[in-house]
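To keep things clear, I will list the structure first and then write my remarks on it.
The values are calculated or read from the model by the stated rules, or taken from the named source; none is laboratory data. This one's a predicted model, so the numbers in the text were calculated from it and none came from an experiment. Glycine also receives a Cβ, built like all others from the backbone with ideal geometry; neighbour counts cover every protein chain displayed. Calculation scope for accessible area: heavy atoms of the full protein, side chains included, ligands and nucleic acids excluded. Shrake-Rupley method; radii C 1.70, N 1.55, O 1.52, S 1.80 Å.
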Amino acid sequence: VQLQASGGGLVQPGGSLELSCAASGNIFSWNVMGWYRQAPGKLREFVAVISSAGTTTYADSVKGRFTISRDSAKNTVYLRMSSLKPEDTAVYYCNHNGQAGNYWGQGTQVTVSS
């Protein structure tokens, strides 16, 4: 499975940004796709996931601000981020976990700064 993430960039506090991640390759019908992030000097942490059935789970730190969704026909997962804070600054990694195994995308930088 290959994951191609896009959509990162620089945004001001309070702004919005949308990430997308397209999966290709040996994809089975059941899988969970999601996003993790890693800030400088910190461990990678969970952000949000969505199952192939549409069940979502969010980290407490992003609940109410971030929305994860997916287009199963395109094998693509999205992360809509709103009310962004400086502490959301990190490299965001797409993840695909399913019958074919666990895979990571290359990461996309999100910087929240004025």
Open item on the list: Tell me the net charge near residue 87. Cut-off is 14 Å between Cβ atoms, residue 87 excluded, with +1 for each Lys or Arg and -1 for each Asp or Glu.
Closed with: +1
- [ ] Just grab the label-to-label distance for residue 63 and residue 29, each label 7 Å out from Cα along the Cβ direction, in nm (one decimal).
- [x] 3.3
Open item on the list: Leaving out ligands and nucleic acids, and using a 1.4 Å probe, what accessible area per residue does the chain come to in Å²?
Closed with: 51
Task: the chain, accessible surface, carbon-and-sulfur percent (1.4 angstrom probe) - done: 48
- [ ] Calculate, in nm to one decimal, what residue 46 and residue 114 gain on full extension: separation in residues at 0.36 nm each, minus their alpha carbon distance.
- [x] 22.0 nm
Task: Reachable lysines, given that their alpha-carbon falls under 22 Å from the alpha-carbon of residue 63 and they are not under 8 places away in the same chain - done: 42, 85
TODO: Between residue 12 and residue 104, take the C-beta separation as r, use R0 = 22 Å, and let me know the FRET efficiency to the nearest 0.05.
DONE: 0.15
TODO: From the C-alpha gyration tensor of segment 36-110, pull out the three semi-axes of the equivalent ellipsoid (sqrt of 5λ each), sorted largest to smallest, in whole Å.
DONE: 21, 15, 11
